[in-house]
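Data block below; observations after.
Nothing in this text is a laboratory measurement; each read-out follows from the coordinates by a stated rule. From a predicted model like this one, the values you see are computed outputs, not experimental measurements. Cβ: placed from backbone, ideal geometry, glycine included. Neighbour counts: every protein chain shown.
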Amino acid sequence: MAPSAYTNEPGKVIELRATSDAKSNANSNSDGGDVDFDDKIREVYDRDVEMRGDGKRDVSPFNRGARKDGLQRLPSQVDDNFGDRAESLASAEAIEDAGGAAGNGGDDGAGAGTVYKVYKRRWFGLAQLTLINIVVSWDWLTFSPVSQYAAAYYGRSESDINWFSTAFLFAFVVISPLTIYMLHLGPKPSMVTAAVFTILGNIVRVAGSHSRNGGIYGVVMFGQILIGLAQPFVLSAPTRYSDLWFTNRGRVAATALPSLANPFGAALGQLIVPFLATKPAEVSSAVLYVTIISVVVSLPAFFIPASPPTPAGPSGTTPKASLRSSLHLLKSVELWLILIPYAVYVGFFNSISSLLNQILLPYGFSSDDAGIAGAVLIVVGLVTSAITSPILDRTKAFLLAIKVAVPIIGLSYLVFVFVPPTRQLAGPYVVLAILGAASFSLVPVALEFLCELGHPMSPEVTSTIAWGGGQLLGGVFIVISDALKAGPTADPPANLNNALIFTAVLALAVVPLPLSLGLFGRRDKLALRRLRSDDGGRNS
């Protein structure tokens, strides 16, 4: 039996196909007794859905209506006279053919079938999601690149300034449950929420930094936490947005752009803030400039489209598992073999980005050198991901990409232990470039692979858990690293060599987890379920 055409007009295609097959089965099996026609329809419907490969009985809200409508209209018993239904069954094939034409053409929205189409307006929402991820991350690292000046300006120690980053990361974890709920409603409510928190947080930070003579630490901390609450609503949104607006031929790239915009914002902070604040009195000006940019960028979030007029592909119409059902799906071992190393590496990226200035300064590097090193880490990673993401969109070699990237990341953290003591700029630049290339290539691939393995779990569940784990561990790693900082009598004073050793050991410890994917007779657990769902229908 060929896969059915799916429609948004109840009772027009899928149930009529089921009716036709059920009638054929009834004719071939009938021996003069009564046949339960409803059971035959359900049997054909179940086979039809199985051929789509998504394993869902109710393929879409439209088809649930079609199924209900079709079962109500059809008699529950087969009699000897099908003449009254012969004309409608003939019409069903014509309707199905029309639906097929509409689904394959997909440009004008005409026809009886669902039109799978991508819209140019998707780029507006994607651009806004990208920009707001940039400014939120820039807000996060407003103070870290000039921690020594910020400490003097607010009358605190550098450890206290580190808590600006740490509190920002912990705020992600606190609001993650609400993030999942909001993204379950759609990406737009989540992006609007992020815009509100970002605008409010920046205004509060300006209020605490209004004077060139000194700022109010507690007020700025409150503003930093508000911006931290904004981050999960946009950082966890890319997989949800790409699932809604893009086909399987573009989802990796669509996920990569806003996901990697977050570290790009960190790179901007590392590069630009040291030029805005060259002494303690200029910290207030730096906060004001960053606020103006953040507010301007956040405002368009209120005007993005909420959802496409028609789905981008069959998986876009597949009902997602409820949040309660998702907890059961999270028991998959394969999901955690990716989630754990992902969270660890995101955590180390967060801690290294926050502490890079303090890692390099004891060895004679300047704040500008540290800012450039952070930019190298991120820019090389962005360029590499821009190359690899379209390739992986076409090849779907997700598992291979993960198994290549993870060992490189672990080894890079090991080599980085020995780089700062060389006191040569080439060392940090080269190692951080390699680390950035591997790390940034991993981010969109891992997020999309989690969506594939977790389908029909809604994408925001795995995405929020992955990022939330990374933010939580990032905050923990900053606290641990600060505790491992050498004393004033060390050589050199206040170095973070012990923190780098801790980073290397843990980074290498999680390498075997993703490398074991597909081993021990579990290769069948790595099926790309969402892709299989799309292949069972029509791709635009």
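What FRET efficiency do you get for Ile203 and Ala127 if R0 is 25 Å and r is their Cβ-Cβ distance, rounded to the nearest 0.05?
0.55
Longer than 27 Å from Cα to Cα, which of Lys188/Lys525; Lys120/Lys525; Lys279/Lys485 are they? Say none if no pair is.
Lys188/Lys525; Lys120/Lys525
So what are the radius of gyration and Dmax for the Cα set of the range 125-176, in Å?
Cα radius of gyration and Dmax of the range 125-176 are 13.4, 41 Å respectively.
Once the Cα atoms of the range 152-246 are picked out, what are the Rg and Dmax in Å?
According to the Cα coordinates of the range 152-246, Rg and Dmax are 15.5, 50 Å.
Could you state the principal axis extents of the C-alpha atoms in the range 362-452, from the largest down, to the nearest angstrom?
Computed over the range 362-452, the largest-to-smallest principal extents equal 46, 22, 18 Å.
Sorted by average packing, counted as other Cβ atoms within 10 angstrom per residue and highest first, what order do 300-307, 496-503 take?
496-503, 300-307
Sort 286-292, 474-480, 343-349 by packing, meaning the average of other beta carbons within 10 Å per residue, with the highest value first.
Averaged packing, sorted descending, gives the order 343-349, 474-480, 286-292.
Excluding Ala150 itself, what net charge comes from residues whose Cβ is under 10 Å from its Cβ, given Lys and Arg +1 and Asp and Glu -1?
-1
Using the Cα centre of the range 393-540 as the reference point, and only Cβ charges (+1 on K/R, -1 on D/E), how large is the resulting charge dipole? Debye, rounded to the nearest 20. Write out the running numbers ahead of the final one.
On the way: 12 positive and 9 negative charges, 83 e Å.
In total the dipole reaches around 400 debye.
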